[in-house]
Every structure is written in structure tokens, then in C-alpha cells.
Amino acid sequence: MPRLFVGLELPPEVKFQLLSIQGGVKGARWQSAEQMHLTLRFIGNVDGREAQDILSALSQVQFNAFDAQISSVGHFGKNGFSRALWAGITPVAPFEQLHKKIDHALVAAGFVAERRSYKPHVTLARFSNSPRRGEIEEFIHRNGLLRSEAFNVNEISLFLSELGHEGAHYTLLEHFEAV
């Protein structure tokens, strides 16, 4: 069964900038340029008929193009255990609105609504074992002023995600352009 998500491809120069800050945190599984994206809505495993329903639903999502930029770094975790390092993106509101539109379209097509809160970000690294807190704090301090050039968000994409020994591999299935 295909594992799908809706995301945003990043411009090559943004990926290069994010690749340039990687390092200095033991145990980090850094994302490659091919893995860097911004997830707008994770869908999960679907069958062939559901995949067609998703394509149809996404073709109905209308949004205006907008500019965005990478604007911060941080980490996800709780109880002292860090799961991932990320780069934040601004402005947040257009991404939240786009996430809601995608979610509503998928719910109308019969899929379950997203229950997790949405925070637009680009995953930089994942952890199996939590690194020392000081290394994460140092990474965030060192890269806290990270800013990319503004880039235009004028399409979203449906991706296939295949898990492997080297991490996830993503295949672009379809683009959906802004109105």
C-alpha cells in the first residue's frame, strides 16, 4: 500500500543553506537534500482507489501563491527526549490555512481529519537516541538567526514515501498549482 503525504518542495538554494548548517550533534541522522521538504498533511497508507480519491480532492484545493522563508531552528521532543531538529518557516498563517484547506478536502473525500496540531517546519535531523541536551542547545544557539531568502509558494505536491535502510525516499506523484 502506498504511503502518501502532501508537501512543499523547497528551492535548491534553500536546501543548500539547510545542508550547510548540518553537523555538531552526535547521533543525528541528517536529512539529505532529496529528503528536505515541508509536510503540509500526512495521509498515510492508502489503496489504489483511495489514491485516486486523494488526487481528486487535492485538485479542488484552491490557494493563492505567497512568499515564505526559513526563519529559525528548534527541536521536537518531550520529557528530555529530542526526536528531531527542524527549521521553522514564516509566515506561519498561510501554511496553517493551506493545511486546513487540504485537511478539509481530504475529509470531504472520506479520510479522517488530522488530529495533531500543525507546525510548519522542515526536518533537518532525526534521532533514535536523544543526544546530549547541550549539543542541541549549542546547535540552536549557533543557527538561531538562520534566515533564507524569500521564496514563492505557488504549488503543493503529493508524494509517495518509501521507508528504507537509508531513511525515507520520496517520489513526487503530482503537482497542484496555486490559483
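No value in this document is a laboratory result; all are computed from the given coordinates. Quick caveat: nothing in here was measured; it's all calculated off a predicted structure. Quick reminder, even Gly has a Cβ in these numbers, built from the backbone with ideal geometry, and neighbours come from all protein chains shown.
The figures follow:
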read-out	value
Filtered chymotrypsin sites (Phe, Trp or Tyr not before Pro), segment 89-179: DSSP coil and at most 14 other beta carbons within 10 Å	none
Length released on extending from ARG132 to GLU149, taking residue separation times 0.36 nm less the Cα-Cα span	3.0 nm
The chain - percent relative contact order, Cα under 8 Å, separation 6 or more	34
Net charge over other residues, Cβ less than 12 angstrom from the Cβ of VAL153 (K, R count +1; D, E count -1)	-4
Range of Cα positions in segment 44-94 per principal axis (Å), largest first	42, 29, 12
Relative intensity, log₁₀ I(q)/I(0), of the chain from a Debye sum that treats every alpha carbon as a point, q = 0.14, 0.16, 0.18 Å⁻¹	-0.79, -1.02, -1.24
